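Colleague: The structure follows.
The values are calculated or read from the model by the stated rules, or taken from the named source; none is laboratory data. As the structure is a computational prediction, the values presented were derived from the model and not from experiment. As a convention, Cβ positions derive from the backbone with ideal geometry for all residues, glycine included, and neighbour counts pool all protein chains shown.
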Amino acid sequence: MSKEMQELQKQWHSMVQSIHSNSNVVAFMNSRVGQYLDDHPFVALSLLMFIAVSAIPVAFFLIFVVTTAIMACISVIVMEGVVIAIGGIALLCVLCGLGALSLGVSGVLSVCYVILSALVNYWYASRGQIRKQEVNGSLPQKSPVLDLSTDNGKNE
């Protein structure tokens, strides 16, 4: 492994250790919700994706509510209820769509994670096996390749 990669790995490890040693994180992970999310990483990833993608629509809705509340203070009190109800229904529809989107994205990310980790484990296992064989002095023999490109002019 290169020196830069080892340094990056050390930095990553120290950052993860600082997160895991935070008292708030420890308290959350000891709670029932934290233990459930630790046992179900797909649910945790889906929840994280949903929170991340729904922050902007919820912020827009809150700005919308504050704006209509200010308008209601000025004059139109009856319209405020109707407008906020319509905005709430629109927000509910957007959040349902974002929930489905976050489930799909976390499903794709979970599949990619499983595939990539399997490939990396296979790659490191095969490299380790080749190194052991190099150390023992018995390199793997390459099997003879059958060349099917020459058919001696027998085309039908």
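Colleague: Just checking: which of the helices (runs of 4 or more DSSP H) contained wholly in the stretch 9-100 hold 1 or more residues that are exposed (fewer than 10 other Cβ atoms within 10 Å of the Cβ) and acidic (D, E)?
Modeller: Fully inside the stretch 9-100 and qualifying: 32-39.
Colleague: Mind listing whichever residues of the stretch 104-117 are of a type outside the set (S, T, Y) and under 9 Å from F42 (Cα atoms)?
Modeller: Within the stretch 104-117, just G107 meets the criteria.
Colleague: Consider L98 against the criteria (1) touching a Pro at 6+ places or on another chain (Cβ under 8 Å); (2) modelled with pLDDT under 75: it satisfies all of them except one. Which criterion is unmet?
Modeller: Of everything listed in (1) touching a Pro at 6+ places or on another chain (Cβ under 8 Å); (2) modelled with pLDDT under 75, L98 misses just condition (2).
Colleague: A further question follows. Output the residue which, of all residues in the stretch 101-135 that are surrounded by fewer than 11 Cβ atoms within 10 Å (Cβ to Cβ) and either within 30 Å of M71 (Cα to Cα) or among the β-branched types (V, I, T) (or both), is modelled with the lowest pLDDT.
Modeller: Filtering the stretch 101-135 for residues that are surrounded by fewer than 11 Cβ atoms within 10 Å (Cβ to Cβ) and either within 30 Å of M71 (Cα to Cα) or among the β-branched types (V, I, T) (or both), the one modelled with the lowest pLDDT comes out as V135.
Colleague: Sticking with this one: Scan the stretch 1-19 residue by residue and report those that are over 19 Å from the mean Cα position of the chain (by Cα) and farther than 30 Å from R127 by Cβ.
Modeller: The one that is over 19 Å from the mean Cα position of the chain (by Cα) and farther than 30 Å from R127 by Cβ: S18.
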